[in-house]
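In what follows, a single structure is set out as structure tokens and then discussed.
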């Protein structure tokens, strides 16, 4: 066949480097609805759910049982299930029906019913629903702060810049597991150097993550995975019961937590039981709700390669975010792992959360160049900051970030790096040289920084853990080395855990450490003229991108 | 009770060790008068946060805070060990029942014990006990 030059040009486009597959429900490759998904049903006897989505209590697996006993309001379920799924879908979109009323109805429906409801909505209706159902009135954003060298000084500087740019939560992880305490401390210090009140976490293996939290090196935890089929849950080495226990353990130490789930994980782990990705993810979200966790990180997250490959996959992702919001959960709505070679496609995917706003639009925007992102790259990275700011300005949308001035970036990066240098010196850890502070201050990524002595660092980490150093020691170190204001900020963060207000649904802190959550600032959107509007100071901030033409120069 | 408690109930808030918020200051830290235990949450505060969650129509979150308040006095390593034993294929039924008893006898953690007992039953049914 003679080849068309047009077709050849199209073949070369980035979009054609992405992978696509047809629906294959037998293996779980189906986004929204599988012919094998159960039909909704519920039966209550003596105040107990005895039938759930076609299964009797005797046939329940441990997920069914946990959902039946913990995640469905027995007093509301029969009434809620009597309303047709189409009617519920319409109520969700209806601006005249409040979020509160929807939450009450939805608290009584089963996972199969929820899946049916979501299937009635197109993406625009899902976005309208998210705008109303998002837990917190104001949206926010979360950053990934990592680098290839596990360099704590760069972590601190990137955290400071990220905080300055507007992120209200920052998450790190490590290439070498033993670096975790260093990076957690550096993230904590750096974040407060950029803008006060930022929450931080270090995503590592469960026991270590809990220990870092208990020690006062982190303020929240997010990496508690739940799954939609029993087999995969067991392969993930947990059950809803063990995860609920762990969630309470975190709360008992005064730490904010959210669970993690996402469509595609059951397919990847080979046991989707022929069910749709949306149905299985809905089960995860019911487990999350039942465990009494305030929120979830979901939206396919690290399995987006699977979900994005099937028809309606990207629609499914906003769909599963919406299920979280419908259950009253805080939703950190993914947008993290990079999944497409196409700039058009990756941007379009993010618009579904960006436009309506979610509690955290990204559950990990790479606040470093993607080559330094240890979470396998994010959908947006540090090189997209200006694009993102212009998108906010173009559409008058609050995506949680703001334009910054170069001198401010340099100043906060320098302060963060100097503070880490001082704390390390005071606590007798490895040396941070002035040259390293200088390099990190002006760096884009780890290609621009000096190498650290990894062996010495790891020995110092071990020593730090052995000596029982805690967050209080970090505060003291900062206070004794001239970083009084920073010490005070870290202390204010630590005091949050004594009070616990920030463990309520969708809580973040403002720059004066005041808690802003779904309890004191619930989303009250009910159509035009209500809810959160981008105006006043915040709009001025968004408008003020640096490269604006000065009319005097015409 | 008015949320945020840190703003409206500030003066009545005490940490796990009984320290008032106003006693947890930079100066006190410099003097060495604040330990890591002083910045831990108390049973009472978790109970109160549970009330806040209940009033916000979130009984599930309230249930979590109730279990958490029962765990305040359980040492870190005991909690971690219990969590590990609750994972699939880690315990016999008797071990889980014993753990539930421990939770009640040593810590009056009735809600935690209930969760563990339910786990023991369903784990047996689903074949994920040792």
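Bear in mind that the values in this text are calculations on the coordinates, not laboratory data. For clarity, every value in this text was computed on a predicted model and none was experimentally measured. Reconstructed Cβ throughout: ideal geometry from the backbone, glycine too, with neighbour counts over all protein chains shown.
Using alpha-carbon pairs under 8 Å, 6+ residues apart, how would you state the relative contact order of the stretch A:94-190 in percent?
Answer for the stretch A:94-190 is 26 percent.
Restricting to Cα pairs below 8 Å that are 6+ residues apart, what does the relative contact order work out to for the stretch A:142-395? Please round to a whole percent.
Values: 508 pairs, mean separation 46.6, N = 254.
Relative CO of the stretch A:142-395 lands at 18 percent.
With everything on Cα atoms, drop me the angle between helix A:240-252 and the longest principal axis of chain A, reported from 0 to 90° to the nearest 10.
Roughly 40 degrees between the two axes.
Based on the Cα atoms of the stretch A:325-471, what semi-axes does the equivalent ellipsoid have, where each is the square root of 5 times one gyration tensor eigenvalue, given in whole Å with the largest first? Intermediate results must be reported in sequence, preceding the final value.
Values: eigenvalues 235, 73, 48 Å².
Taking √(5λ) for each Cα gyration eigenvalue gives 34, 19, 15 Å.
Restricting things to Cα coordinates, could you compute the convex hull volume per residue of the stretch A:142-395 in Å³? Working shown, then result.
Details: hull volume 29.2 nm³, N = 254.
That works out to 115 Å³ per residue.
Using only the alpha-carbon atoms of chain B, report the extent along each of the three principal axes, biggest first, to the nearest angstrom.
Largest first, chain B extends 55, 37, 22 Å along its Cα principal axes.
Which value results when the Cα radius of gyration for the stretch A:446-517 is divided by 2.2 N^0.38 Å? It would help to have the intermediate numbers written out before the result.
Working: Rg = 16.5 Å, N = 72, 2.2 N^0.38 = 11.2 Å.
For the stretch A:446-517, the normalised Cα radius of gyration comes out at 1.47.
How crowded by other chains is A:289-300, given as the mean number of beta carbons from other chains within 10 Å of each beta carbon? Mind showing how you got there, number by number?
Details: counts 3, 3, 6, 13, 3, 6, 1, 0, 0, 0, 0, 0.
Across the residues of A:289-300, the mean count of other-chain Cβ atoms within 10 Å is 3.
Points 7 angstrom from Cα along the Cβ direction at residue A:383 and residue B:124: gap in nanometres?
Result: 5.9 nm between the two label points.
Apply 1/(1 + (r/R0)^6) to the Cβ-Cβ distance of residue B:35 and residue B:95, taking R0 = 25 Å, and write down the FRET efficiency to the nearest 0.05. Don't skip to the answer; put the middle values down first.
Details: r = 34 Å, r/R0 = 1.38.
Step by step, r from the Cβ atoms, then E = 0.15.
So how far apart, in nm, are the two label points at residue A:447 and residue A:237 if each is 7 Å from Cα heading toward Cβ?
Inter-label distance under the simple model: 3.6 nm.
If the chain between residue A:530 and residue A:463 were fully stretched, how many nm would it gain, using 0.36 nm times the residue separation less the Cα-Cα distance?
Details: separation 67, 0.36 × 67 = 24.12 nm, distance 5.45 nm.
Additional length available on full extension: 18.7 nm.
Ordered by packing density, taken as the mean number of other Cβ atoms within 10 Å over each peptide's residues, highest first, how do A:64-71, A:234-241 rank? Let's see the in-between values first.
Working: A:64-71: 23.2, A:234-241: 20.9.
In decreasing order of mean packing, A:64-71, A:234-241 become A:64-71, A:234-241.
Take every Cα pair under 8 Å in chain A that's 6+ residues apart, average their separations, divide by the length, and report that relative contact order as a whole percent. Before the final figure, lay out each step's value.
Working: 1168 pairs, mean separation 114.3, N = 554.
Dividing the mean separation by the residue count of chain A yields 21 percent.
Which FRET efficiency value, to the nearest 0.05, do you get for residue A:6 and residue A:50 by plugging their Cβ-Cβ distance into 1/(1 + (r/R0)^6) with R0 = 56 Å? Could you put the intermediate results ahead of the total?
Details: r = 62 Å, r/R0 = 1.10.
The computed FRET efficiency comes out at 0.35.
Take each of the peptides A:212-224, A:39-51, A:277-289, average the number of other beta-carbon atoms within 10 Å over its residues, and list them starting from the highest. Please report the intermediate quantities before stating the final value.
Details: A:212-224: 24.6, A:39-51: 14.2, A:277-289: 30.1.
Output ranking for A:212-224, A:39-51, A:277-289: A:277-289, A:212-224, A:39-51.
Given labels modelled 7 Å from the Cα in the Cβ direction, how far is it in nm from residue A:539 to residue B:54?
Placing both labels 7 Å along Cα→Cβ, they lie 4.3 nm apart.
Helix A:313-326 versus the longest principal axis of chain A: what angle, 0 to 90°, nearest 10, using Cα atoms?
90 degrees
Full extension from residue A:58 to residue A:455: what is 0.36 nm times the residue separation minus their Cα-Cα distance, to one decimal in nm?
Numbers: separation 397, 0.36 × 397 = 142.92 nm, distance 5.55 nm.
Contour length minus the Cα-Cα distance gives 137.4 nm.
Calculate for chain A the 222 nm mean residue ellipticity that helices alone would give, adding -39,500 (n - 2.57) per DSSP H run of length 4 or more and normalising by residue count, nearest 500 deg cm²/dmol. The partial results should precede the final answer.
On the way: 24 runs with 252 residues, N = 554.
After summing the helix terms and dividing by residue count, I get -13500 deg cm²/dmol.
Can you give me the Cα centroid spacing of the stretch B:17-76 and the stretch A:1-19 in angstrom?
Each part reduced to its Cα centre gives a spacing of 60 Å.
Using only Cα atoms, locate the centre of the stretch A:435-481 and the centre of the stretch A:534-550, then give the distance between them in Å, rounded to an integer.
Here the two parts' Cα centres lie 36 Å apart.
For the stretch A:384-516, max minus min Cα coordinate along each principal axis, in Å, sorted largest first?
Principal extents (Cα only, largest first): 50, 41, 25 Å.
State the three equivalent ellipsoid semi-axes of the stretch A:114-236, derived from the C-alpha gyration tensor as the square roots of 5 times its eigenvalues, in descending order and whole Å. Could you put the intermediate results ahead of the total?
Details: eigenvalues 189, 93, 27 Å².
Three semi-axes, in Å: 31, 22, 12.
Using the count of nearby Cβ atoms within 10 Å as a rough guide to exposure, how do A:124, A:204 rank from fewest to most? Numbers along the way, then the final one.
On the way: A:124 12, A:204 24.
Ascending number of Cβ neighbours within 10 Å: A:124, A:204.
Of B:54, B:40, B:30, which is the most mobile in a GNM of chain B whose springs link Cα atoms less than 10 angstrom apart?
Of the options given, B:30 has the highest mean-square fluctuation.
Just for the Cα atoms in the stretch B:1-72, what are the lengths along the principal axes, largest first, rounded to whole Å?
The Cα atoms of the stretch B:1-72 stretch 43, 26, 13 Å along the principal axes, largest first.
Taking Cα atoms, how many degrees apart are the long axis of helix A:180-194 and the longest axis of chain A, rounded to 10 and kept between 0 and 90?
80 degrees
For the stretch B:40-96, what ratio Rg/Rh do Cα atoms give with a Kirkwood hydrodynamic radius? List each step's numbers first, then the result.
Details: Rg = 14.0 Å, Rh = 12.7 Å.
Ratio value, two decimals: 1.10.
Helix-derived [θ] at 222 nm for chain B: sum -39500 (n - 2.57) over DSSP H runs of at least 4, divide by residue count, nearest 500?
Values: 7 runs with 78 residues, N = 130.
Only helices count here, giving -18000 deg cm²/dmol.
Compute for the stretch A:41-163: radius of gyration divided by Kirkwood radius, i.e. Rg/Rh, restricted to C-alpha atoms, rounded to two decimals. Before the final figure, lay out the partial values.
Working: Rg = 20.3 Å, Rh = 17.3 Å.
The Rg/Rh ratio comes out at 1.17.
Calculate the length of the line joining the C-alpha centroid of the stretch A:257-282 to that of the stretch A:320-355, in whole Å.
Value for the Cα centre distance between the two parts: 16 Å.
Could you compute how fast the protein assembly as shown diffuses translationally, taking Rh as the Kirkwood radius over C-alpha pairs and applying Stokes-Einstein at 37 °C with viscosity 0.692 mPa s? Give it in µm² per second. Walk me through the numbers before you get to the answer.
Numbers: Rh = 25.5 Å.
Rounded to a whole number, D works out at 129 µm²/s.
Diagonalise the Cα gyration tensor of the stretch A:193-269 and give the resulting equivalent ellipsoid semi-axes, square root of 5 times each eigenvalue, largest first, whole Å.
Working: eigenvalues 133, 41, 18 Å².
For the stretch A:193-269, the ellipsoid semi-axes come out as 26, 14, 10 Å.
Quote the Stokes-Einstein diffusion coefficient, in whole µm² s⁻¹, for the stretch B:74-130, based on the Kirkwood radius over alpha carbon pairs, a temperature of 25 °C and a viscosity of 0.890 mPa s. Don't jump to the answer; show the numbers that get you there.
On the way: Rh = 11.1 Å.
Answer, rounded: 221 µm²/s.
Other chains near B:25-32: what is the mean number of their Cβ atoms within 10 Å of each residue's Cβ? Intermediate values should be presented prior to the final figure.
On the way: counts 3, 10, 1, 1, 10, 5, 1, 2.
Rounded to a whole number, the mean comes out at 4.
Take peptide B:76-83, look around each residue's Cβ out to 10 angstrom, count Cβ atoms belonging to other protein chains, and average those counts.
On the way: counts 8, 2, 0, 9, 7, 1, 4, 10.
Taking the mean over all residues of the peptide, I get 5.
Going by how many other beta carbons lie within 10 Å of each one, how would you line up B:91, A:276, A:4, fewest first? The partial results should precede the final answer.
Details: B:91 23, A:276 27, A:4 10.
Lowest count first: A:4, B:91, A:276.
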